[in-house]
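Data block below; observations after.
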Amino acid sequence: MKKPSSKIRDEIAKLQEQLKQAETREAERIGRIALKAGLGEIEIDEAELHAAFEVLVKGFRGGKGVVTSTGGKRSIGDTGGPAETSAFAPGPAQSSSSEA
């Protein structure tokens, strides 16, 4: 038996709400991590930041090693704790020296 279109629309609305809630949770999680890492203090163009995140995601999805903050390489599946990534060299907006 086929569902009436009104039931399908109701299901779609519920799924859209679930999607919205899931995206909000994910955004909050990533935002907290980014702030802890000091990303909120860096002046960087949004497009440049987006491109940097895409490179980071490709590194994790590709299964290749990620350069850690200590300069070593770690495979994504290593169990030595979360990988701290430092895959990007400091640019003009990012200085490796700290300002006091």
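Can you find a residue that is modelled with pLDDT under 90 and within 14 Å of the chain's Cα centre (by Cα) anywhere in segment 26-35? No, segment 26-35 contains no residue that is modelled with pLDDT under 90 and within 14 Å of the chain's Cα centre (by Cα).
Do we find a residue being touching a residue at least 12 places away in the same chain (Cβ under 8 Å) and surrounded by 10 or more Cβ atoms within 10 Å (Cβ to Cβ) anywhere in segment 27-44? Within segment 27-44, one or more residues are touching a residue at least 12 places away in the same chain (Cβ under 8 Å) and surrounded by 10 or more Cβ atoms within 10 Å (Cβ to Cβ).
The values are calculated or read from the model by the stated rules, or taken from the named source; none is laboratory data. The structure presented is a predicted model; accordingly, all values stated were derived computationally and were not measured. Positions of Cβ are backbone-derived with ideal geometry, glycine not excepted, and every protein chain shown enters the neighbour counts.
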